[in-house]
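Data first, discussion second: the structure below is written as structure tokens.
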Amino acid sequence: MQERVLVVEDEVQMLDLLFDALTAEGFEIVRANSLGKAFAEILKSPPDVILSDYQLPDGTSFDLLSWLKARDFQIPLILITGYASIDLAVQAVKNGAEQFIPKPIDLGLLTTMVRRTLDNHRNQKKEVVNRLEQARSELDPFVGTSAAILELKRAAQRVASANSSILIQGETGSGKGVLARWLYRNGVRAREAFVDLNCAGLSRELLESELFGYQKGAFTGALSNKIGFLEAANHGTLFLDEVGDMDSSVQAKILKVVEEKRFYRLGDVQERRVDVQIIAATHRDLKKLAEEEKFRSDLYFRISTLRLRIPSLRERPEDIPILANKLLEQMAYRSQSGPLRISDHARAALQNYHWPGNIREMRNVLERAAILSDDGVIHRTGLEFEAGKHVDQPSLKTQSDLTLRELERLHISSVLDSEGGNVARTAKRLGIPRSSLYVKIRDYRLQTEPSPVKST
């Protein structure tokens, strides 16, 4: 695809020279000899880059920059001028010019500058898109309306601006990593690096080399120097996931980092200084492990200056439908598919399953059901839980606790779901007229299959 360059220049010879040089390089050139014509060309079809003389018949390129900014056009501009001076160059950059080039023009330098400007602008757009997609795909750690999740949000907001170590406790799959990243993004080190290391399952040797790095020759296979996660996170945040599984000898070295901000690479005699905030997470009871001398008590007290506990899904069943809808929204966005919905009976099953794997398990269950769904609706029959560990009832109440209306709604929802939302088949199974079933569906706000579109 040809990239378009708008050349704004009132000298005919210079305009022709720039047109010929840039056309030869494969660019599509649009010409304008005044600000007014430049405005019209931009409104007609915004170019990829603007090449503008400073002095124009009806203003300057600074007027063009102001016009672009006022209309939120993100188009890079390269300023050309025969009045080259350091003051003008500084003023051009302050006004938003991408580059500054004096006359007489070195055409080789100019084409290189145009290509570099286009590459930089393209990369900037990619970064913006990546950040937006990342923000959209990242799960908010506070999805829900339960008292437990609202209390967690209040506590997290209080500690986010602190520079102390933070310990996050919660069951496997409850979202400790998601909360850690939220704390980082909302903390005082958000402009610095976030480095994530999972301590579970790593041997002492591997964990040490990953954390502290090593010098060439420190051990067999150390063929070159390697910086560790601590150095990579300098001035930023180091997230130690499952810190309760950390080897005791490594715990002692991490304690030195927390207390003195100093460490050694493996095989090195030079002491290195580092400034990091440590956010640690674990599914284990570190206080109990410390009391049993299975985890260093001094390290426990140092990393648990501030503590946050994520509630399990079992503790907040009212949040499950909200969380499920959010997960399905993300799945639909990533797969570029249509919207995904959950049937009433499937929603009831989700709320009554005990979720030993918490949010991570729910994501897996819903993702499998979404892939197998033919109509964009998650039905109860598409949910596969861990065998023998779920309850197929609409709430935590027993059936004897339900009202007659609740029982009728449950039964109709179950049959409707098993028939894939087909009203005719459901009415036949229930033994009632279709018109009566439509009334109940509307009354109970149940989901049905989409009505067929009649051709005209």
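Below are the figures for this structure:
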quantity: Among the residues listed as Gly244, Gly236, the single one being in contact with a Phe, Trp or Tyr (Cβ under 9 Å, 6 or more places away or on another chain), within 17 Å of Ala200 (Cβ to Cβ) and crowded, with 16+ Cβ neighbours inside 10 Å; calculated: Gly244
quantity: Candidate set from segment 231-246 (those that are more than 25 Å from Ile310 (Cα to Cα) and not in a loop (DSSP other than H, G, I, E, B)); member that is farthest from the chain's Cα centre (by Cα); calculated: Glu231
quantity: Residue ranges of strands (runs of 3 or more DSSP E) in segment 247-353 with at least 3 members at pLDDT 95 or above; calculated: 277-282, 306-309
quantity: Total residues in segment 27-40, condition more than 21 Å from Thr111 (Cα to Cα) and surrounded by fewer than 19 Cβ atoms within 10 Å (Cβ to Cβ); calculated: 5
quantity: Positions within segment 338-368 being farther than 17 Å from Leu416 by Cβ, small (Gly, Ala, Ser) and buried (at least 16 other Cβ atoms within 10 Å of the Cβ), in sequence order; calculated: Gly357
quantity: Conditions (1) part of a helix (DSSP H, G or I); (2) closer than 30 Å to Lys261 by Cβ; (3) aliphatic (A, V, I, L, M); (4) in contact with a strand residue (DSSP E or B) (Cβ under 8 Å, 6 or more places away or on another chain); number of the one not met by Leu366; calculated: (2)
quantity: Any chance Tyr83 is loosely packed, with under 13 Cβ neighbours inside 10 Å and aromatic (Phe, Trp, Tyr); calculated: yes
quantity: Unmet requirement for Gly376, which otherwise passes all of (1) at pLDDT below 70; (2) loosely packed, with under 15 Cβ neighbours inside 10 Å; (3) not hydroxyl-bearing (Ser, Thr, Tyr); calculated: (1)
quantity: Among the candidates Ile29, Ile80, residue that is in contact with a strand residue (DSSP E or B) (Cβ under 6 Å, 6 or more places away or on another chain), closer than 21 Å to Arg116 by Cα and at pLDDT 90 or above; calculated: Ile29
quantity: Check on Glu271, within 30 Å of Lys216 (Cβ to Cβ) and either free of Cβ contacts under 8 Å to residues at least 40 places away in the same chain or among the charged types (D, E, K, R) (or both); calculated: yes
quantity: Answer residue from segment 433-447, given it is under 18 Å from Ser343 (Cα atoms) and assigned to a loop (DSSP other than H, G, I, E, B) and is nearest to the chain's Cα centre (by Cα) among those; calculated: Gln447
quantity: Unmet criterion (only one of (1) surrounded by 13 or more Cβ atoms within 10 Å (Cβ to Cβ); (2) on the phi > 0 side of the Ramachandran plot) for Val258; calculated: (2)
quantity: Selection count where residues are under 27 Å from the mean Cα position of the chain (by Cα) and either in a loop (DSSP other than H, G, I, E, B) or modelled with pLDDT under 90 (or both), scope segment 203-230; calculated: 2
quantity: Segment 46-73, residues that are outside any strand (DSSP E or B) and without any contact (Cβ under 8 Å) to a residue 24 or more places away in the chain; calculated: Ala70, Arg71, Asp72
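Listed here are the residues, each with its yes/no results for (1) over 20 Å from Ile310 (Cα atoms); (2) at pLDDT below 90; (3) touching a strand residue (DSSP E or B) at 6+ places or on another chain (Cβ under 6 Å); (4) part of a loop (DSSP other than H, G, I, E, B).
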residue: Phe100; (1), (2), (3), (4): yes, yes, yes, no
residue: Arg116; (1), (2), (3), (4): yes, no, no, no
residue: Asp119; (1), (2), (3), (4): yes, yes, no, no
residue: Glu127; (1), (2), (3), (4): yes, yes, no, no
residue: Ile149; (1), (2), (3), (4): no, no, no, no
residue: Leu152; (1), (2), (3), (4): no, no, no, no
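The values are calculated or read from the model by the stated rules, or taken from the named source; none is laboratory data. A quick note: this is a predicted structure, and the numbers were derived from the prediction, not measured. Note that each Cβ is placed from the backbone with ideal geometry, even for glycine, and that neighbours are counted across all protein chains shown.
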